[in-house]
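Have a look at the structure below before the remarks.
No lab work stands behind these numbers, since they all come straight from the coordinates. Worth saying up front: this structure is predicted, and the values here are computed from it rather than measured. All Cβ positions, even for glycine, are placed from backbone atoms using ideal geometry, and neighbour counts span all protein chains on display.
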Amino acid sequence: MRLRMSSRKRRVISHIAALVVWGLLSGLVLAIAVFPVAAVSGLAAREGADSFQELPTDLSMPPLPQTTRLLASDGQTVITTFYEENRQIVDLEQISQYMRDAIVAAEDNRFYEHHGVDLRGVVRALVSNSAAGEVTQGASTLTMQYVRQALTYLATTEEERRAATEDTPARKISEIRYAIDLEDRLSKEEILENYLNIAYFGNGAYGVNAASYTYFNKPPSELELEEAALLAALVRAPSAYDGALQNTQIRDSILDRRNWVLQQMARLDMVSEAEAEEAIATPITLNSYTPPNDCVGVPADHLDWGFFCDFFLRWWERQEEFGVNSDERIQLLRRGGFTIITSLDVRLQEIAINNIREFRDENSEYALGVVFVEPGTGRVRSMAVNRFYSNDQSANPLHSNPDLAEQGVRANYPNTTNQLLGGGDLGYQAGSTFKIFPLVAALEQGMTLSQTYDSPTRYASRFPGERGSPASCQVNGRWRWCPSNSSESMAGRHNMWSGFGGSVNTYFVQLIEDVTPPAAVEVAERMGLTWHNDHDQGLADNANNWGAFTLGVADTTPLEMANAYATLAADGVYCAPLPINEIRDVDGEVLDMVQPSCQQVLDPDVARAATDAARCPVGDRPQAGSCAGRSTARVVGEIVDRPVAGKTGTTDNYQAGWFVGYTMELAGAAFIADPDYRENAVGSRSTEPTRLWARTVDEYLGSENARNFPPPPRYLVR
């Protein structure tokens with residue numbers, strides 16, 4: 001049993017050791033031990049005793065880069081990790097005694113006897129190096145090795161990094177000065193713990209925790225004798241064994257070194273001779289594990305998680321509290337050692353992706369996807385699409401655009417890293433789901449749900465039309481935009497309930513005429529929509545004649561639409577999309593830096609009235625009016641066994657199909673389109689998002705604890 005020396009006694013001995021060491025240095029003893037004779041000629045003339053005492057001693061402990069873990073909302077499921085260096089710092093108590101002893105036996109067997117500099121080792125190296133005329137033995141202790149690595153991490157320039165490791169007398173003397181001081185300030189246990197956490201063990205494993213998992217896929221507390229000896233053997237030349245996981249020849253080359261470590265441990269009475277012999281007879285058996293890094297590292301059987309991970313990464317890059325620019329924020333993520341509990345609900349995600357694959361697998365050119373968010377927080381609960389998140393597109397088929405296919409360009413399916421669901425620049429026209437925005441604008445302006453228009457099959461609007469366009473007609477010699485309903489049966493008098501329930505185009509063209517397009521656009525922006533191309537941005541900035549906005553001709557994303565409709569479920573409170581539940585630092589402390597960003601953007605009465613109209617498209621019963629039998633997605637109400645609201649949407653020529661809906665607990669947007677070639681019509685497939693959404697919500701929420709929507713106020717009914 002080793003007894004811990006009192007701190008006062010250690011300080012006294014350390015100071016004495018410093019004087020003794022410098023006495024040896026003055027006579028070139030240490031220099032010859034570490035460097036060839038020719039290399040140190042004249043050292044004594046350049047270095048004096050005064051300069052040694054003047055060297056700095058206050059070595060600060062560097063903040064080591066640590067791996068950040070990205071977890072699902074259950075706090076257990078690992079989505080992926082982010083790291084610059086694969087490392088997680090552990091306490092000495094979390095490291096097996098075999099490992100502690102093995103590293104001492106391998107690198108510094110007098111570690112518990114010296115005070116930073118091993119004078120006996122210096123003399124031994126002196127004899128060996130003098131006889132050889134070159135460096136054949138070093139005299140670095142574990143403390144000196146730690147100092148060298150700490151200085152490397154503290155370096156801020158390439159020149160400083162080079163100076164921390166170069167073989168010069170000045171660097172060695174400075175290293176000794178730091179080591180002596182370090183032994184004065186830290187216990188042997190603290191120094192050993194620091195060393196085991198900073199050391200590189202090869203194959204991308206920094207620190208003993210990463211090494212234990214990389215080579216044996218177990219925590220360092222469970223390392224067996226022969227495993228600990230192997231890791232200790234790697235430290236001497238870790239880069240030389242970077243192929244040890246796959247290359248049998250390299251793996252066998254470290255066997256002798258491992259066995260030597262075991263012999264050393266027996267010689268030092270750390271283990272018995274019998275234990276060492278048994279371990280020596282044990283062949284090297286590796287259970288290799290390489291932790292994932294970045295979003296392309298999500299588990300192979302959960303490549304659908306990559307799209308959520310990509311959204312998280314884009315979100316992180318925009319957070320100013322994490323750094324002054326994107327590069328600095330990403331560096332913090334890769335070095336900070338955070339435990340990030342995301343909002344991803346793996347159960348909801350599994351239900352969603354399984355339902356998607358029943359409709360359309362990853363080999364379809366049509367992307368079928370859905371995003372779910374939590375009303376009132378903006379937390380993104382699921383992002384699923386029939387694609388594999390991967391940057392290996394070598395086996396993808398030719399592009400669905402015939403012109404690109406002729407040039408040999410490959411498609412973005414089944415493998416892609418394009419953000420198809422939101423958080424990036426890619427968007428799609430969402431059709432009649434946009435009718436919610438002029439409806440909300442009308443309610444804000446004092447119109448009621450009973451607002452009635454005579455809605456013919458075709459309506460000549462006041463907005464200018466394009467000469468000769470099928471959607472235009474001439475009125476008094478001037479071309480006007482003249483949209484039509486999708487069927488003649490829709491014609492007649494409609495209010496907001498029946499007009500929204502039946503998705504009557506000519507009703508909503510008249511509505512946006514009265515509320516004005518700028519008002520509808522402004523509502524959409526308040527509810528979270530952004531503009532994804534210069535064309536849409538230009539129209540939004542000058543929206544007076546943008547009557548077609550009501551029919552969903554602007555590009556948007558499933559994430560934006562899910563969040564916009566979630567605003568209605570949350571009584572008019574908009575919350576920015578958030579992929580995080582909680583962030584913990586390396587010490588496990590919860591950081592109070594990421595909270596939902598919410599604001600009241602609609603009057604609650606307006607949101608409740610809009611919701612009452614939105615119950616008509618899904619075949620649900622509004623609380624204050626009648627849908628007059630109008631419903632474009634009655635199947636939703638038939639499948640979902642709880643109060644529900646929402647809206648379907650299709651674009652011209654069926655280039656995309658949508659359903660956006662919500663309950664009190666969950667809001668989501670589902671879509672289908674060919675992201676590679678928008679002219680590739682989805683046709684009858686446009687109903688798949690509706691059924692996908694309904695089946696997923698019903699399976700996830702069921703019918704228990706169902707909450708009804710608050711009723712609309714009377715003054716917005718009639």
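Tabulated values for the structure
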item	result
Pair Asn391, Arg236: separation of 7 Å Cα→Cβ label points (nm)	3.8 nm
Gap separating the Cα centres of the stretch 218-279 and the stretch 597-672, nearest whole Å	64 Å
In degrees, nearest ten, helix 326-335 long axis to first principal axis of the chain (Cα)	50 degrees
For the stretch 384-480: rounded, prolate or oblate by the Cα gyration tensor [a/c cutoff 1.5]	oblate
Over the stretch 580-718 - Rg/Rh using Cα atoms and the Kirkwood inverse-distance radius	1.07
Spacing of the two label points (7 Å from each Cα toward its C-beta) at Ala155 and Arg458, in nm	7.7 nm
Extended-chain gain in nm, criterion 0.36 nm per residue less alpha-carbon gap, Ser60 and Glu582	184.9 nm
Sites Leu286 and Gln97 - FRET efficiency at Förster radius 22 Å, r taken between beta-carbons, to 0.05	0.50
Ranked Glu107, Glu159, criterion: other C-beta atoms within 10 Å, fewest first	Glu159, Glu107
Listed peptides 702-714, 495-507 by packing density, highest first (mean Cβ within 10 Å)	495-507, 702-714
The chain - Debye-derived log10 I(q)/I(0), Cα point model, q = 0.07, 0.08, 0.10, 0.11 Å⁻¹	-0.64, -0.74, -0.94, -1.06
Additional length obtainable on full extension of the chain from Asp74 to Glu522, 0.36 nm per residue less Cα span	157.5 nm
Neighbourhood net charge (13 Å Cβ-Cβ; Lys/Arg +1, Asp/Glu -1) for Phe437	-1
Additional length obtainable on full extension of the chain from Ser684 to Glu589, 0.36 nm per residue less Cα span	29.0 nm
The chain - mean residue ellipticity at 222 nm from DSSP helices (-39,500 (n - 2.57) per run, n ≥ 4, rounded to 500)	-12000 deg cm²/dmol
Kirkwood-based Rg to Rh ratio, the stretch 211-354, C-alpha trace	1.14
Rel. contact order, % - alpha carbon contacts under 8 angstrom, at least six apart, the chain	13 percent
Karplus-derived HN-Hα couplings along the stretch 380-397 (A = 6.51, B = -1.76, C = 1.60, θ = phi - 60°), whole Hz, x at Gly and Pro	8, 8, 7, 9, 10, 7, 7, 9, 9, 7, 7, 9, 8, 9, 5, 9, 5, x
Residues His535, His302, His399, sorted so that the one with the fewest Cβ neighbours within 10 Å comes first	His535, His302, His399
Sequence-distant residues sharing a close amide H with Leu223 (under 5 Å, placed H)	Ser96
